[in-house]
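Q: Mind looking over this structure? Questions follow.
The values are calculated or read from the model by the stated rules, or taken from the named source; none is laboratory data. This one's a predicted model, so the numbers in the text were calculated from it and none came from an experiment. Note: ideal-geometry Cβ built from the backbone for every residue, glycine included; neighbour counts use all protein chains shown.
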Amino acid sequence: MPKTLPAKMTSPHILVITLSNIGDAIMTTPVLAALHAQYPATRIDLVCDVRSAALFAPCPYLGQRFIRDKKSGWAGYWQLIANLRKTRYDIVIDLRTDFLVYLLRADHRFAKTPNHRTLHIHSVLKHMAAVRALVGAATPSLELWASEHDQQSAAAAFQLSGRLLAIGPGANFSGKIWPVARYAAVANALSSHFDGVVLVGSQADKTLAQQFAAQAQLPVYDACGRLSLPQSYALLRQCHFYLGNDSGLGHMAAAAGLPTLTLFGPGSPVRYLPWSQQAYFIQDPLQDISGITVEKVVAKLQGLLMQAKGLGA
């Protein structure tokens, strides 16, 4: 158990160790937001991965970013630890590992709850539990950031108008990727509801984007590999609904305030559904993403769109 924090500690020096994958990293942002609300004068240092580091760059209350590069091996890891140990922190919060928090110099340490005890709860709630002694029963809310430059860059790259369906056709392994021809069929079936489709993803998703565009009836804005993560977030804020695989983009869309429909193959919606009151999912009973039909996705989306229309969206 961590020691009780002194009441006079109004601006503690804080280090947070976040996760590596983009979606996992986004699900730790409620911790950052709650800490900022509790200690508004504090700039929070962060340990993050190469692939997710850009997410945090525009954060206005971020201090120093320490990059954990897996490609650097153990030598790089020990160098990271040595760099972190140059500072004595008031508070270190480790949301990633079971041991790093104990190797650093800190007055107060907060470690993640072991994985085997949290398989039944959402990852956001798991992360918030680690800092409950600091922030109390704070309501978790995703938070991402886009600088003025990010917003201008996204707007300049794509002149968007009308109602837009955002689609994330890729994922980090093939078992999570719904066939792109089915995404095109869904978009075509819903063409009366939208004025265009925005494709978001990395350079690795370019082939999927090209295949989608070749089959689409609506105008397609292909942003795959063209924008940074904050710029992609800024672009998503101009859209109206998000459809995609179980990937970080769904979490980014939820942070942007979009209703989301996530298609799950393997994976646990209980733990990894985007954190939002407007997050929905479809999962094949056998956890085979190819078992999800176009008809089922169209019917689900039509129902959600009609529901939103009924609420005045």
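Q: Might you check whether a residue that is aliphatic (A, V, I, L, M), in the same structural domain as residue 93 (by TED's automatic domain parsing), assigned to a helix (DSSP H, G or I) and within 16 Å of the chain's Cα centre (by Cα) occurs anywhere in region 57-68?
A: To start, the set of residues in region 57-68 that are aliphatic (A, V, I, L, M) comprises 57, 62, 67.
Next, from what is left, pick out any that are in the same structural domain as residue 93 (by TED's automatic domain parsing): 57, 62, 67.
From the residues that got through so far, the ones that are assigned to a helix (DSSP H, G or I) too are none.
No, every residue in region 57-68 fails to be aliphatic (A, V, I, L, M), in the same structural domain as residue 93 (by TED's automatic domain parsing), assigned to a helix (DSSP H, G or I) and within 16 Å of the chain's Cα centre (by Cα).
Q: I'd like the full set of residues that are at negative phi, in a loop (DSSP other than H, G, I, E, B) and not β-branched (Val, Ile, Thr), limited to region 172-204.
A: Once the filter is applied, which keeps residues that are at negative phi, in a loop (DSSP other than H, G, I, E, B) and not β-branched (Val, Ile, Thr), region 172-204 yields 172, 173, 178, 179, 190, 191, 192, 193, 194, 195, 202.
Q: Further question: If you take the residues in region 23-55 that are surrounded by fewer than 21 Cβ atoms within 10 Å (Cβ to Cβ) and of a type in the set (A, V, I, L, M, F, W, C), which one is nearest to residue 77 (Cα to Cα)?
A: 50
Q: Within region 82-140, how many residues are hydroxyl-bearing (Ser, Thr, Tyr) and within 30 Å of residue 279 (Cα to Cα)? Before you say what the answer is, go through the steps one by one.
A: Let us first name the residues in region 82-140 that are hydroxyl-bearing (Ser, Thr, Tyr), namely 87, 89, 97, 102, 113, 118, 123, 139.
Those still in the list that are within 30 Å of residue 279 (Cα to Cα) too: 97, 113, 118, 123, 139.
Within region 82-140, residues that are hydroxyl-bearing (Ser, Thr, Tyr) and within 30 Å of residue 279 (Cα to Cα) number 5.
Q: Does residue 196 satisfy the criteria of being surrounded by 17 or more Cβ atoms within 10 Å (Cβ to Cβ), farther than 20 Å from residue 50 by Cβ, of a type outside the set (Lys, Arg) and modelled with pLDDT of 95 or more?
A: On the way: surrounded by 17 or more Cβ atoms within 10 Å (Cβ to Cβ): yes; farther than 20 Å from residue 50 by Cβ: yes; of a type outside the set (Lys, Arg): yes; modelled with pLDDT of 95 or more: yes.
So residue 196 passes the test.
Q: If you scan region 262-278, which residues turn out to be buried (at least 23 other Cβ atoms within 10 Å of the Cβ) and not in a loop (DSSP other than H, G, I, E, B)?
A: Quick first cut of region 262-278, residues buried (at least 23 other Cβ atoms within 10 Å of the Cβ) only: 262-263, 273-274.
262, 263, listed by residue number.
Q: Look through region 69-127, keep the residues that are among the charged types (D, E, K, R) and touching a helix residue (DSSP H, G or I) at 6+ places or on another chain (Cβ under 6 Å), and return whichever of them is nearest to residue 269 (Cα to Cα).
A: Top of the filtered list is 112.
Q: Shifting gears a bit: What number goes with the only condition from (1) closer than 16 Å to residue 152 by Cα; (2) part of a loop (DSSP other than H, G, I, E, B); (3) in contact with a helix residue (DSSP H, G or I) (Cβ under 7 Å, 6 or more places away or on another chain) that residue 224 does not pass?
A: (1)
Q: In this structure, does residue 291 turn out to be surrounded by fewer than 17 Cβ atoms within 10 Å (Cβ to Cβ), more than 30 Å from residue 139 (Cβ to Cβ), more than 23 Å from the chain's Cα centre (by Cα) and not polar (S, T, N, Q)?
A: Yes.
Q: Among the residues of region 167-203, how many are of a type in the set (A, V, I, L, M) and either within 14 Å of residue 232 (Cβ to Cβ) or in contact (Cβ under 8 Å) with a residue 60 or more places away in the chain (or both)?
A: Count: 10.
Q: I'd like to know if region 238-256 contains one or more residues that are among the acidic types (Asp, Glu), in the same structural domain as residue 175 (by TED's automatic domain parsing), touching a residue at least 60 places away in the same chain (Cβ under 8 Å) and outside any strand (DSSP E or B).
A: Yes, because at least one residue in region 238-256 is among the acidic types (Asp, Glu), in the same structural domain as residue 175 (by TED's automatic domain parsing), touching a residue at least 60 places away in the same chain (Cβ under 8 Å) and outside any strand (DSSP E or B).
Q: For region 99-126, give me each residue that is closer than 19 Å to residue 49 by Cβ and touching a Pro at 6+ places or on another chain (Cβ under 7 Å).
A: Across region 99-126, the qualifying residue is only 124.
Q: Which residue is nearest to residue 150 (Cα to Cα), if the candidates are limited to region 203-215 and must be buried (at least 20 other Cβ atoms within 10 Å of the Cβ) and of a type outside the set (Asp, Glu)? Spell out how you get there, then give the answer.
A: So the first thing to find is which residues in region 203-215 are buried (at least 20 other Cβ atoms within 10 Å of the Cβ), and the list is 205, 208-209, 212.
Imposing the further condition that a residue be of a type outside the set (Asp, Glu) reduces the set to 208-209, 212.
Numbers: 208: 25, 209: 22, 212: 26 Å.
Across region 203-215, the extreme among qualifying residues is 209.
Q: Being touching an Asp or Glu at 6+ places or on another chain (Cβ under 9 Å), surrounded by 19 or more Cβ atoms within 10 Å (Cβ to Cβ) and farther than 22 Å from residue 12 by Cβ is the filter here; which residues of region 89-129 pass it?
A: 123, the sole residue that qualifies.
Q: Across region 199-221, what is the total count of residues that are in contact with a helix residue (DSSP H, G or I) (Cβ under 6 Å, 6 or more places away or on another chain) and closer than 21 Å to residue 50 by Cα?
A: 1
Q: Related question: Could you tell me which numbered condition residue 158 fails, if it satisfies all but one of (1) more than 26 Å from residue 234 (Cβ to Cβ); (2) under 24 Å from the mean Cα position of the chain (by Cα)?
A: (1)
Q: Is it fair to say residue 101 is of a type in the set (Val, Ile, Thr) and assigned to a strand (DSSP E or B)?
A: Here the answer is no, as residue 101 does not meet what is asked.
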